[in-house]
């Protein structure tokens, strides 16, 4: 018993340690988008399905000796693929599909070890059932989820703050070798037992794994697992869009998902329909309300509501799975269908939804599907007081409530703003172009990412080059351009400004460009470039030369250093993922890259407007490390000029700019109470700066 428990526990621990670890390795390469984690989860679920499929086929088609020999061979092959560190050669160029590039990268780097770890749960449980007939192996499944949960919780609390990424990968590889030895021990025992057995385990057990399971039950297993998977990924994306993309916020939903597995598979007492049915309805209604009124709630409230809804859905789906679980002889088939359902949820969320829908609707679909499936389970279960739609009065009430809730969720998901001109969705999120009216300025068009405005333009010809949104004359960028010493010198005595900008948006900053200037944008999302050209004229109207580089800014800037520095007079960081600048653009290593691309008296301008996190201490800490002085600049709401409140920081060594009287009048007192923070590629966490 102990050898099985140790093997399953360690495999589950390693399986879920590698998820945030490899995600943190590659997140900076793909712009810090929530789609990185969704794509990673898709690959994890597909490999889990492959592992469960292997376990099912091995235990039903191979003898004990063959199972042992095959598994020993695969373990040896997997050890030869270590360590799990992605090569720099996998960094994207910006032209390839990010989804398929991530999938190929992960298969190449962690594919074989992850596959072997995925096989362990069902395979060891099957071997346990053969070694100890009459003893239930299902509690070993709960044990594996305990190992998974400990891995997830220990990563942000212990591993991430204490170890560099390279050290994390090395420790994980050592742990995998220990797992391979434990698993090999069990495989050797299977070979020995097989030699002594008179028949293969495939005949000793019940070979027709699916023979006693009704077709409707199989479909229900798939749908329950798929719904929980969709809800996990949709909740993660919802949280990341509202706060930030960070492993810390990935782990919370996944931990909730695992806790539901632990509770439901441990004992029947943990899942009660009379408790979780009402909780599901209440939390779904609360989640609908929070999604509809997101900015009105603090991020803590949003996290609690989203987490509660996810817990209710997962407990309901996994609880109903356990209530309908088959005999232990069919457990590998049962787990195989659960993994198929999980993989289908991943495929739908990562591949299908971004191509089919122009909005983010998976969250509402998951909530509605869970409510409907619970009613199906109540109708099918002979032990249920609501079996086969009786009593009719109770079913009428439940059906009306479910229809009302699903209708509200559907309207929210499919709601089309009457002012919407166009919408598009891809790996990087949902973009909309909408029409607006301003009392003073008239008709406008605006680009939105969720609720975040990425630029507004007046449609009246005389106002088309008016600086709007976060980029008014009193914004950090407006102040940097207006008061840069090159701008104030005599035109005949100086050259134009060289300006680098990370994040295109609608291209509003181009209003500050003059003939002789050079503006170079770095934009990771090709849809942003297309919409900026099709629906806004900031780029085409600008007399300055404008280039747009498509790809992650950090990767592009690092690549450009090979041929020399850009020598920007102003380098502006205005890239947002969700409601915050991606973390990988705010680390010491990235700031060192910025510094190399700045002219000696250049200005590094950071847009840090945010409702959820306080990024000023990070910028201040990095400024001190690099020898820059840091100044805070901000603008207030000005409806008459279509300007929004914004917070900016300017980092520079330019004494002329810092001493300019007009520029100094734009500086404001330092307001952050936090001490300076230095993030690096190895160390840094968004929870340090949550407001």
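Bear in mind that the values in this text are calculations on the coordinates, not laboratory data. Only a predicted model underlies this, so the values are computations on that prediction, with no experimental measurement involved. Note that each Cβ is placed from the backbone with ideal geometry, even for glycine, and that neighbours are counted across all protein chains shown.
So, R0 is 51 Å and r is the distance between the beta-carbons of residue 407 and residue 95; what FRET efficiency does that work out to, to 0.05? Numbers along the way, then the final one.
Numbers: r = 43 Å, r/R0 = 0.84.
Computed FRET efficiency for residue 407 and residue 95: 0.75.
Pull up the DSSP beta bridges for the chain and report the antiparallel fraction as a percent, rounded to 5.
Details: 36 of 57 bridges.
Roughly 65 percent of the beta bridges in the chain run antiparallel, per DSSP.
Once both axes come from the Cα atoms, what is the angle between helix 362-380 and the longest principal axis of the chain, in degrees from 0 to 90, rounded to 10?
That helix lies at roughly 20 degrees to the long axis.
Which value at 222 nm does the chain reach when only helices count, each DSSP H run of 4 or more adding -39,500 (n - 2.57), with the total divided by all residues and rounded to the nearest 500 deg cm²/dmol? Kindly include the intermediate steps, with their values, before the conclusion.
Values: 24 runs with 377 residues, N = 691.
The helix-only estimate for the chain comes to -18000 deg cm²/dmol at 222 nm.
Taking a ≥ b ≥ c as the square roots of the Cα gyration tensor eigenvalues, with a/c under 1.5 meaning rounded and otherwise prolate when a/b beats b/c, else oblate, which class fits the stretch 1-205? Working shown, then result.
Numbers: a/c = 2.27, a/b = 1.89, b/c = 1.20.
Note, shape of the stretch 1-205 comes out prolate.
How high is the FRET efficiency from residue 351 to residue 658, r the C-beta distance, R0 56 Å, rounded to 0.05?
Numbers: r = 51 Å, r/R0 = 0.90.
Between residue 351 and residue 658 the formula returns 0.65.
For residue 540 and residue 88, compute 0.36 nm times the residue count separating them, minus their Cα-Cα distance, and round to one decimal in nm. Intermediate values should be presented prior to the final figure.
Numbers: separation 452, 0.36 × 452 = 162.72 nm, distance 3.61 nm.
Gain on stretching residue 540 to residue 88: 159.1 nm.
For residue 289 and residue 358, what does the FRET efficiency come to when R0 = 35 Å and r is the distance between their Cβ atoms, rounded to the nearest 0.05? Don't skip to the end; give the middle numbers.
Values: r = 24 Å, r/R0 = 0.67.
Computed FRET efficiency for residue 289 and residue 358: 0.90.
Using only Cα atoms, tell me the angle between helix 392-414 and the longest principal axis of the chain; keep it within 0 to 90° and round to the nearest 10.
30 degrees
For the stretch 210-415, what percent of Cα pairs sit more than 22 Å apart? Don't skip to the end; give the middle numbers.
Working: 10137 of 21115 pairs.
The calculated P(r) of the stretch 210-415 puts 48 percent of pairs beyond 22 Å.
What shape does the stretch 473-688 take by its C-alpha gyration tensor, where a ≥ b ≥ c are the square roots of the eigenvalues and a/c under 1.5 counts as rounded, a/b above b/c as prolate, and the rest as oblate?
Numbers: a/c = 1.24, a/b = 1.14, b/c = 1.09.
Since a/c stays below 1.5, the shape of the stretch 473-688 is classed as rounded.
What relative contact order, as a whole-number percentage, does the stretch 473-688 give when Cα pairs under 8 Å and 6 or more residues apart are counted? Intermediate values should be presented prior to the final figure.
Working: 407 pairs, mean separation 45.4, N = 216.
For the stretch 473-688, the relative contact order is 21 percent.
Compute the Kirkwood hydrodynamic radius of the stretch 420-569, taking the inverse of the mean of 1/r over all pairs of distinct Cα atoms, and give it in Å to one decimal.
Numbers: mean 1/r = 0.0614 Å⁻¹.
Taking every pair of different Cα atoms in the stretch 420-569, averaging 1/r and inverting gives 16.3 Å.
Expressed in nm to one decimal, what extension gain is obtained for the pair residue 601 and residue 629 from 0.36 nm per residue of sequence separation less their Cα-Cα distance?
Details: separation 28, 0.36 × 28 = 10.08 nm, distance 1.17 nm.
Extending this stretch completely gives an extra 8.9 nm.
In degrees between 0 and 90, to the nearest 10, how far off the longest principal axis of the chain does helix 64-79 point, with axes built from Cα atoms?
It is inclined by approximately 20 degrees.
At 0.36 nm per residue, and after removing the present C-alpha to C-alpha distance, how many nm does the segment from residue 395 to residue 61 gain when stretched out fully? Working shown, then result.
Working: separation 334, 0.36 × 334 = 120.24 nm, distance 4.51 nm.
Length gained between residue 395 and residue 61: 115.7 nm.
Please state the Cα pair-distance histogram of the chain with 10 angstrom bins from zero: what percent is in each bin?
3, 14, 23, 23, 17, 11, 6, 3, 1, 0
Please tell me the relative contact order of the chain in percent, rounded to the nearest whole number, where contacts are Cα pairs under 8 Å and at least six residues apart. All intermediate terms of the calculation are to be shown ahead of the outcome.
On the way: 1204 pairs, mean separation 99.4, N = 691.
Reported as a whole number, the value is 14 percent.
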